[in-house]
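The next block holds one structure in the form of structure tokens; read it before the comments.
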Amino acid sequence: MMIQVFGVPIQALLGQLLIGLINGSFYAILSLGLAIIFGLLNIINFTHGAQYMLGAFAAWMSLTYLGVNYWVGLILAPLIVGAFGILMERLMLRRLYHLDHLYGLLLTFGLALVLEGVFRQLYGVSGLSYTIPDIFQGGVNLGFMFLPYYRAWVIVASLTVCFATWFVIERTKLGAYLRAATENPELLQAFGVNVPLMITLTFGYGVALAGFAGVLAAPIYQVTPVMGSNLIIVVFAVVVIGGMGSILGSIVTGIALGLIEGMTKVFYPEASGVVVFVIMALVLLLRPAGLFGREK
Amino acid sequence: MAKKRLLTAIVTGLALVMAVSAASAAGLSDGVLKVGVMTDMSGAYSDLCGPGSVVAAQMAIDDFGGKVLGKKIELVSVDHQNKPDIAANKAREWFDTEKVDVITDLPTSSAALAVMEVANQKNKITLISTGASTKITNDNCNATNVHWTYDTYALAVGTGKAVVANGGDTWFFITADYAFGHSLENDTAAVVKASGGKVVGDVKAPFPNTDFSSFLMQAQASGAKIIGLANAGADTINSIKQAKEFGITQNQTLAGLLIFITDINSLGLDTAQGMVLTTGFYWDRNDETRAWSKRFRERHKNMPTMGQAGVYSSLMHYFSAVEKAGTDDSAAVMAAMKSMPINDMFAKNGYIRDDGRMVHDMYLVQVKKPAESKGPWDYYKVLRTIPGDEAYMSLDSSTCKLVKK
């Protein structure tokens, strides 16, 4: 006799939890990038989804046109996307820091639409296939589910990057500067730290994280111009639930919401598209600063 | 002077009268025949209809000579974003202020249903090509609509019957959670049961959705031999791709219930090979289809889907009907359309029934293995031609109010 939870065999539940963890690690890495950018620059970066898409396309293009393999792509694509981010910060966002959040939001949202439109014009919406690298072909039977090697790699890669980022920001001297810059940039500048450069590089890093997630996603999902806009709204909900700007909050909430969404897909699949937003509404009512955020 | 002014007045008057009589002789109420292509220009379905459907419509206008009853045929198009409210509002605007006479394509069943309702109120014609629900010719049927290319019933009969006959007798459905998905699942489930098969379960996935792994695992756990994909476009592509990734296709078979050739092109034969599906049109069937498709591809980067070919065919038939009726009056044109058989590169001896269904042959095809394919777009083997009367729901079981029983 199989053990059952609310009529669902425990094996099936374990499998679904693992799937939730995979999706959660995507949410985590994307919301982490957003949280860093918001924490330091006070910019609500709506281009994040488009930058994730750019990462996937950069990987696909470098494979198709240049014959560059997955591993090189995994390094190269985030660098390209990060460089694009730096350019964007230098040329445009920099002019908006002294204005209300709304202006940054509008600019980044507009840019996201332009990027999506350009790629849609060039490649259509059905998308392009990026094959799973040979080393990750196939999978392992865990007894309760078949785990493709590539999905296992996605969990490992994104959690490693997330916690490394958290460690640098919360536990190193460089991180201390970054945090100081969010609290009081003028004072830090007075100590001889080049704050504008630090801001530019941090934005580049946040954007590169989106590009990295895009490369991770390319072999699983179709590489399409709209892949980012499908995801970005959920990721924003994750950031709001975790608390805008909270580093650890964004990681933990990302993973937790992946798991909750996974469970919803078993017990009431019709609601799996909205469950994240229901939680967001509840959190906003009960704890407006988010689960890990601080009231300012 | 007075004489000259009088002469001018008479000439002017004559010119006016002649202009008016010319218009009435032509029979077009506003001196121009305006075709509206309402489609998904940028969303999930834009590759399988969208800009390609606009190209197909323009080809129809060009092939007809650009004129009907001596008056120009004009083309307008709009992106309805797959939203019924936007579609209905735009249709109202087109009919009221822009003098559009006929609307075609109409992907997304919910939007198609909304527009055919508006058109019927305004006594204008709709030619639905990419919309799929059987509701269009049943509960919601009306006298000013023709459903041209396919419907969920025809897909279900073609694919469902063939798969059950090959031993695929237990089914699990992954269904897109909206009108079209439900319609496709219900129609297919009915066919599966009628053919002696069994439906062991289903899951309704939100639309649109990117990660199907959770739903695929539920399908795997059900033990069904066949996983029916009651979805379309990007959803179907991601389901197929991820089913392969999770090793599901080793023990279970996928039945794509609505697959367009652009989906296969995007997936690649390596992933899609072996799948069985039903289509209303395939470019590489005979010289006529090849010639037309070649011309289409010269104007558009892809080979035509069945929806795009249907837009062309339906408009050619509509223009002939306007010419035959000698007017753009909807009732007269509809009567002319129903009185003439459809014989073109799309259909042979096709005909339009009282419920608005255009009955024509459908094709059961299998996706080729990469080694079998001789080049780009060489994707299908035609397994069987399904005669129109077998492919479409018989009028005996119709719930359309226009069908006399």
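Can you name the helices (runs of 4 or more DSSP H) wholly within the range A:176-270 that have at least 2 residues being without any contact (Cβ under 8 Å) to a residue 12 or more places away in the chain, open to solvent by less than 10 Å² (accessible area, probe 1.4 Å) and small (G, A, S)?
none
Could you grab me the full set of residues in the range B:328-343 that are within 19 Å of B:A60 (Cα to Cα) and crowded, with 18+ Cβ neighbours inside 10 Å?
Within the range B:328-343, B:D328, B:V333, B:M334, B:A336, B:M337, B:I342 qualify.
Just the residues that are in a loop (DSSP other than H, G, I, E, B) and in contact with a strand residue (DSSP E or B) (Cβ under 7 Å, 6 or more places away or on another chain), please, taken from the range B:41-63.
B:M41, B:S42, B:C49
Within the range B:347-376, can you find the residues that are modelled with pLDDT under 95 and of a type in the set (F, W, Y)?
Those that are modelled with pLDDT under 95 and of a type in the set (F, W, Y): none in the range B:347-376.
Taking A:R151 as meeting all but one of (1) open to solvent by less than 30 Å² (accessible area, probe 1.4 Å); (2) of a type in the set (D, E, K, R); (3) away from chain B (no Cβ under 14 Å), write down the number of the exception.
Failing condition for A:R151: (3).
Within the group A:V125, A:V140, which residue is touching a helix residue (DSSP H, G or I) at 6+ places or on another chain (Cβ under 8 Å), open to solvent by 40 Å² or more (accessible area, probe 1.4 Å), within 13 Å of chain B (Cβ to nearest Cβ) and not in a helix (DSSP H, G or I)?
Just a single option satisfies the conditions, and that option is A:V140.
Out of the range B:70-110, which residues are assigned to a loop (DSSP other than H, G, I, E, B) and under 26 Å from B:D151 (Cα atoms)?
Residues of the range B:70-110 that are assigned to a loop (DSSP other than H, G, I, E, B), as a first pass: B:70, B:80-83, B:98-101, B:106-108.
Correct list: B:H80, B:Q81, B:N82, B:K83, B:V100, B:D101, B:L106, B:P107, B:T108.
Which of the strands (runs of 3 or more DSSP E) found entirely inside the range B:165-244 contain at least 3 residues meeting this: surrounded by fewer than 24 Cβ atoms within 10 Å (Cβ to Cβ) and either in contact with a helix residue (DSSP H, G or I) (Cβ under 6 Å, 6 or more places away or on another chain) or more than 10 Å from chain A (Cβ to nearest Cβ) (or both)?
The qualifying strands (runs of 3 or more DSSP E) are B:198-205.
Looking at the range B:283-302, which of its residues are part of a loop (DSSP other than H, G, I, E, B) and without any contact (Cβ under 8 Å) to a residue 12 or more places away in the chain?
Narrowing the range B:283-302 to residues part of a loop (DSSP other than H, G, I, E, B): B:283-286, B:300-302.
Within the range B:283-302, B:N286, B:K301 qualify.
Determine whether B:S313 is within 11 Å of chain A (Cβ to nearest Cβ) and not in a loop (DSSP other than H, G, I, E, B).
Judged against the criteria, B:S313 is not a match.
The values are calculated or read from the model by the stated rules, or taken from the named source; none is laboratory data. Model, not experiment: these values are computed from the prediction. With ideal geometry, Cβ positions are generated from the backbone for all residues, glycine too; neighbour counts draw on all protein chains shown. When the accessible area is computed, the model is the full protein with side chains, heavy atoms only, and any ligands, DNA or RNA have been set aside. Shrake-Rupley method; radii C 1.70, N 1.55, O 1.52, S 1.80 Å.
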